[in-house]
Amino acid sequence: MANGLNSFYTGRGGQDTSIRDRLPTVNPEALRDPKHYRASPELAAAVDVALTLGMPLLLTGEPGSGKSGLADSLAWEIGLGKVLKFPVKSDTESRDLFYRFDTVGRFHAAQTKPGDDTALDPKKFITFAALGKAILLAKDRAKLIALGLQDHVAADAQGQCRSVVLIDEIDKAPRDVPNDMLVEIEHMQFNIPELADDSRSMVQVDLIGDENRYRPIVIFTSNSEKALPDPFLRRCVYHHLGFPPFKADAQNENVVTVESIVQARLGDRYSPDGRIASHVASALRFVRYLREERHRLERLPTLAEILDWLNYLMPQRTQTSEWTILAALDAGATDSASQKKLADSIKHLLLKTAPDQIKAGDLLKQWREQPRAESKAG
C-alpha cells in the first residue's frame, strides 16, 4: 500500500538499504474480511434456494466480482468455520476434489520396507481434499472408525459438523470433469479403490440417514472461460454476479451499490472526515466514467481492482497530508508528484491492457473538463 508520496524503487542502479525498513506492511486480507461482504438481494435469494434444496450453487461473473468471497461471507454469517477451498487446475480430475493417493510414495515404501504392513497401509498415503474432508466431517464418528478413516479427521473436531466447500474456477477443469462428478456431488459419495483388500472390493464414503443434516454446502465459481455441460448445470442453483450499479444508476435504495461496497470494505478510512469522503466520491465518479461504453476500453476495471485502487490512494493517517494523491483526482493545482502517482495508479491498477493504458491521460483530462453538473452525475 502506498504511504504518502514515497518511491521505493528507482531502477537506476543506486542502492539504499534503509528502504527495507520503510516498505509498507501489507495485509492482503484487510479488504477481504467476510463481515464486510455485501451481497445483492438476488444473490442472497440464490443462496437461500441452494441451502433449502441442498444443491450446489454455481456462481459466474467477471474475475474480481466477489464470487469466491461469498463462500467466506456465508460461512462467517452462519458460523460454519473456515471454508474448505479447492482451486481447480487444468489437469484436475474428478477424484482430486475428494482425495489424492500418493502412488509413488507407496511404491517407494514397498521398496524400502517390504513386508511391513503398517508402513504400507494405503490409508497412510491418502490426503483428503476439500470436498472429501467435508464429507468425512459430516459422518458419524463410529462409521469413520469402521472405515478406518478416523485419523483423517482432526482430533479436536467437535463431533459431526457442516462445512462450506468452495470449488474455485470449475471452468478450468477438463471438459469431462464436471460430468464425471455428477453422482458424487448429488449424493455426496465417493469411492476409494486404493483401500480395497481381501475383505472388501471397494470402500465407499457417503452420507446416509441423519448424516445429511451435516451435508456440505458446495459453491462452484466459474469465469465462463468455457461452457459447462448441461447435466452439470441442471444439478446446480445458478446465479450470475454482475458488476453492481453505481449509486447514480441504482433503481431503488435497497440495491447494493459500488459506493456501499466501498464504504463497507474501507470501513473507518472511507469517511473519517468530509474531504476524504468527497475525494472517494470523485474517484468513483471517475471509475463510472471509465466504464462507459463510448470509451471502448478493451477491459473494464473490476470491483476488486477498484478496491485495490482506492486502497492505494487512501491515506493511512488522515491527520497528515497523505491524502494528496487521492485529492489529485480533482485538484489541478495539486503538486506534480501527486499527479504522477495518480496517473500511474490509474494505468497500473485500473487499466490492464496496453491500448487502454495509452488512453489513460486523455480519459482523465476529458473527465476533468466535463461541466461540473455532468461530472457529478457521471
Exercise for review: Could you grab the pairs with beta carbons closer than 6 Å, sequence gap of 6+ or different chains, first residue in the stretch 103-129 and in a strand (DSSP E or B), second one modelled with pLDDT of 75 or more and not acidic (Asp, Glu)?
Suggested key: Ile126/Tyr99; Ile126/Phe101; Thr127/Arg100; Phe128/Tyr99; Phe128/His152
Study note, to complete from the structure: Subset of the stretch 239-266, residues of a type in the set (Lys, Arg) and open to solvent by 40 Å² or more (accessible area, probe 1.4 Å), comes to Lys247
Review point. Looking at this structure, is Gly64 at pLDDT below 95, surrounded by 13 or more Cβ atoms within 10 Å (Cβ to Cβ) and of a type in the set (Gly, Ala, Ser)?
Key: yes
Check your understanding: What helices (runs of 4 or more DSSP H) lie completely within the stretch 136-197 and have 2 or more residues being within 20 Å of Leu59 (Cα to Cα) and touching a strand residue (DSSP E or B) at 6+ places or on another chain (Cβ under 9 Å)?
Key -> 182-187
Study note, to complete from the structure: Subset of the stretch 214-238, residues without any contact (Cβ under 8 Å) to a residue 60 or more places away in the chain and open to solvent by 70 Å² or more (accessible area, probe 1.4 Å), comes to Glu225, Lys226, Ala227, Asp230, Arg234
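Condition (residue is farther than 25 Å from Leu342 by Cα, among the aliphatic types (A, V, I, L, M) and open to solvent by 30 Å² or more (accessible area, probe 1.4 Å)) applied to the stretch 25-37: is it met by at least one residue? Let's see the steps before the verdict.
Applying the first criterion (farther than 25 Å from Leu342 by Cα) to the stretch 25-37 yields 33-37.
Pick out the ones that are also among the aliphatic types (A, V, I, L, M) and you get none.
Within the stretch 25-37 (the criterion being farther than 25 Å from Leu342 by Cα, among the aliphatic types (A, V, I, L, M) and open to solvent by 30 Å² or more (accessible area, probe 1.4 Å)), the answer is no, since none of the residues qualifies.
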Revision key, fill the gap. The condition from (1) more than 18 Å from the chain's Cα centre (by Cα); (2) open to solvent by less than 40 Å² (accessible area, probe 1.4 Å) that His108 misses is numbered (2)
Check your understanding: Could you say whether any residue in the stretch 3-14 is closer than 30 Å to Leu228 by Cα and in contact with a helix residue (DSSP H, G or I) (Cβ under 7 Å, 6 or more places away or on another chain)?
Key -> no
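Farther than 30 Å from Lys35 by Cβ, more than 27 Å from the chain's Cα centre (by Cα), among the aliphatic types (A, V, I, L, M) and modelled with pLDDT under 80, is that true of Ala333? Can you show your working first?
Working: farther than 30 Å from Lys35 by Cβ: yes; more than 27 Å from the chain's Cα centre (by Cα): yes; among the aliphatic types (A, V, I, L, M): yes; modelled with pLDDT under 80: yes.
When the stated conditions are applied, Ala333 passes them.
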Review point. Given the conditions (1) small (Gly, Ala, Ser); (2) part of a loop (DSSP other than H, G, I, E, B); (3) within 17 Å of Ala264 (Cβ to Cβ), which single one is not true for Gly81?
Key: (3)
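Say whether the condition of being among the hydroxyl-bearing types (Ser, Thr, Tyr) and farther than 29 Å from Ala50 by Cβ is met by at least one residue in the stretch 259-266. Steps first, answer last, please.
Just the residues of the stretch 259-266 that are among the hydroxyl-bearing types (Ser, Thr, Tyr), to begin with: 260.
If we keep only those that are farther than 29 Å from Ala50 by Cβ as well, we get none.
No, there is no match, as no residue in the stretch 259-266 is among the hydroxyl-bearing types (Ser, Thr, Tyr) and farther than 29 Å from Ala50 by Cβ.
In the stretch 51-60, which residues are in a loop (DSSP other than H, G, I, E, B) and either under 8 Å from the mean Cα position of the chain (by Cα) or buried (at least 21 other Cβ atoms within 10 Å of the Cβ) (or both)? Even if it seems obvious, please write down each step before you answer.
Step one: filter the stretch 51-60 for residues in a loop (DSSP other than H, G, I, E, B), giving 54-56.
Pro56 - this is the single residue of the stretch 51-60 that is in a loop (DSSP other than H, G, I, E, B) and either under 8 Å from the mean Cα position of the chain (by Cα) or buried (at least 21 other Cβ atoms within 10 Å of the Cβ) (or both).
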Check your understanding: Within the group Asp21, Asp91, Asp48, which residue is at pLDDT 95 or above, open to solvent by 30 Å² or more (accessible area, probe 1.4 Å) and over 16 Å from the mean Cα position of the chain (by Cα)?
Key -> Asp48
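The values are calculated or read from the model by the stated rules, or taken from the named source; none is laboratory data. Quantities reported herein were computed from a predicted structural model and do not represent experimental measurements. With ideal geometry, Cβ positions are generated from the backbone for all residues, glycine too; neighbour counts draw on all protein chains shown. The protein model used for the area step is the full one, side chains on, heavy atoms only, and it has no ligands, DNA or RNA in it. Shrake-Rupley method; radii C 1.70, N 1.55, O 1.52, S 1.80 Å.
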